[in-house]
Amino acid sequence: MNNQTPWKYIFQLKAAINWVESVFFLLSDQWIRELLGEKPLVNSEYSHLFFVLVFVIGIGYWWVGQDIDRNHGIVKLGIIAQFCDLTVNLVNMPL
């Protein structure tokens with residue numbers, strides 16, 4: 001890449017967003033469900049696992065932002081993760 005500075009900041013921003021949203025939703029999931037009048041999850045470990053994985057993906061974004069040229073494999077893994085996320089959401093979308 002000719003100028004990696006903007007991409008560095010984009011990846012670092014995305015990492016920060018992932019970290020903040022994963023911690024926020026992990027800690028406030030029960031409160032949000034009560035606010036919306038939803039029943040608590042029977043198996044909350046699935047949502048906990050999801051939020052932890054979002055946090056870990058944020059670590060991957062941070063690593064890419066530190067050195068884009070050396071981390072093409074992480075970028076490819078991120079593309080696959082985003083595609084899988086989209087696929088799961090589309091399959092489970094109510095019609």
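Of the residues LEU27, THR5, TRP63, the one whose Cα sits farthest toward the positive end of the charge dipole of the chain, with +1 on the Cβ of Lys and Arg and -1 on the Cβ of Asp and Glu, is THR5. Calculated [222 nm] ellipticity per residue, helices only, for the chain: -28000 deg cm²/dmol; basis is -39500 (n - 2.57) per DSSP H run with n ≥ 4, divided by all residues, nearest 500.
The phi torsions of segment 24-35, fed into the Karplus equation with coefficients 6.51, -1.76 and 1.60 and a -60° offset, translate into couplings of 4, 6, 5, 7, 10, 4, 5, 4, 4, 4, 5, 4 Hz, rounded to whole numbers, with Gly and Pro shown as x. Relative to the longest principal axis of the Cα atoms of the chain, the long axis of helix 72-91 makes an angle of roughly 30 degrees. In whole Å, what is the distance between the alpha-carbon centres of segment 48-78 and segment 1-39? One Cα centre to the other: 13 Å.
Rounded to the nearest 20 debye, the dipole magnitude of the chain is 240 debye, with +1 charges on Lys and Arg beta carbons, -1 on Asp and Glu beta carbons, and the Cα centre as origin. Here mean projected area of the Cα convex hull in nm² was computed from the coordinates, and among (1) 7.6; (2) 9.0; (3) 6.0 the match is (1). Taking the 0 to 90 degree range and rounding to the nearest ten, how far is the long axis of helix 44-66 tilted relative to the main principal axis of the chain, both from C-alpha atoms? Taking the Cα atoms of the chain, the angle to 44-66 is about 10 degrees.
Coordinate-derived values only; no laboratory data. Owing to the predicted nature of the structure, the values given are computational and were not obtained by experimental measurement. Positions of Cβ are backbone-derived with ideal geometry, glycine not excepted, and every protein chain shown enters the neighbour counts.
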